[in-house]
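The values are calculated or read from the model by the stated rules, or taken from the named source; none is laboratory data. What you are looking at is a predicted structure, and each value in this text was computed from that prediction instead of being measured. Reconstructed Cβ throughout: ideal geometry from the backbone, glycine too, with neighbour counts over all protein chains shown. Each accessible area value is taken on the protein alone, full model and side chains, heavy atoms only, with ligands, DNA and RNA left out. Shrake-Rupley method; radii C 1.70, N 1.55, O 1.52, S 1.80 Å.
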Amino acid sequence: MKNIFGMTLETMQEEFAALPLEKYRAKQVTEWLYKKYAKHFSDMTNLPKTLRAELSMKYRIDVPSLRTRLDATDGRTSKFLLAFSDGAAVEAVLMRQPYGNSICISTQVGCSMGCSFCASTLHGLARDLTPGEMLAEVLFIEELLEKEDEKIDTMVLMGSGEPLMNYANVVHFLHLLHEEYVMNMSYRNITLSTSGIVPAMNRLASEGMPITLSISLHAPREELRSKLMPINRKYPLADVVAAGKSYAEKTGRRITYEYILIRDVNDSEREAKDLAELLKGQLASVNLIPINPVKERGFERPSAESTASFCRILTHHHITATVRREMGSDIQAACGQLRNRHISENQRGPDQFILKHCNRL
Ligand code: SF4
């Protein structure tokens, strides 16, 4: 049975034409799926009963179920582990910021990039998420917020997965989100975070979608970055920064460089100066993130003083830099940590799917 959730209006119209059904029925169904969060055709009360029955024989509505919810003591951050029908589980996070509600979603189940500080990659990549599955993460949170008369204001693709390794699905999902009949979300409110897949960064710059690009840098020199991020051996730092510069020139959007600060690894004065030199003259800013320690990796968080000093050096060299406010560390907000706990706690059940795939990879 075909999954209808995540279909565009046009695709649904084509599908329905073959049944045959009038064009406006597709509009009604998208309204139920994307605006009213219907989980069953039986909920679609303005469709005739016979039509609801017919549709439920032909299509399924594949939306995830909530496996775990954690609310941080800061009262602003909530993390959700969402499981899809095949048992694959991903994390999505809601952050209630002073400037609005921001969400962070996953684009893959696990990740193959192997960044040494990251929990999401510990079990490898299980599979890509489809456009409908990414949309389902968003609408799951939007439905919750709507009950509080709130809405999602901004979104970052910064959960588990490398979005640009799932390029076609991610771009399709962003187009879908932008549609009036879905969320009408402005591209300017979307940030995509990449570890630096250079050809895909260049391709993204030509998509005509003015989303913000956030580049995970984490080191200002090739050899150090290769140690932290194996992808650097394929797409070296110099090429990544050049692609960032070109993206900013083409789209007019300021690049955000993410820099996770790890004690005695990349947080010295030398690294701060090298970073300032590397980004000199770019339409860019640096987001410093003191590491959320990952137990399995053994990295430590730098002191508040050394974080502040790193930031000061950048500012002194005319690089706009901020230190990310800590949100939700008591609920393991760093990507992948909740899912990993879930995998290790569940020796039986649907998540064995993930373990099986990871063993194979
Ligand atoms: S930091 Fe991002 S790209 Fe790197 S392993 Fe984690 S999820 Fe993948």
Run residue 62 past the list (1) in contact (Cβ under 8 Å) with a residue 12 or more places away in the chain; (2) in a helix (DSSP H, G or I) and report the number of the one that doesn't hold.
(2)
The stretch 6-36, subset more than 29 Å from the chain's Cα centre (by Cα) and acidic (Asp, Glu), residue nearest to residue 62 (Cα to Cα):
15
Can you find a residue in the stretch 88-96 that is over 26 Å from residue 195 (Cβ atoms), open to solvent by 40 Å² or more (accessible area, probe 1.4 Å), away from the ligand (no atom under 16 Å from the Cβ) and assigned to a loop (DSSP other than H, G, I, E, B)?
no
Which one is farthest from residue 308 (Cα to Cα) among residues in the stretch 208-240 that are of a type in the set (A, V, I, L, M, F, W, C) and touching a Gly at 6+ places or on another chain (Cβ under 9 Å)?
231
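Matching residues to (1) touching a Pro at 6+ places or on another chain (Cβ under 7 Å); (2) open to solvent by 50 Å² or more (accessible area, probe 1.4 Å); (3) in a helix (DSSP H, G or I); (4) within 26 Å of residue 178 (Cβ to Cβ):
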site: 5; (1), (2), (3), (4): no, no, no, yes
site: 10; (1), (2), (3), (4): no, yes, yes, yes
site: 15; (1), (2), (3), (4): no, no, yes, yes
site: 19; (1), (2), (3), (4): no, no, no, no
site: 27; (1), (2), (3), (4): no, yes, yes, yes
site: 32; (1), (2), (3), (4): no, no, yes, yes
site: 38; (1), (2), (3), (4): no, no, no, yes
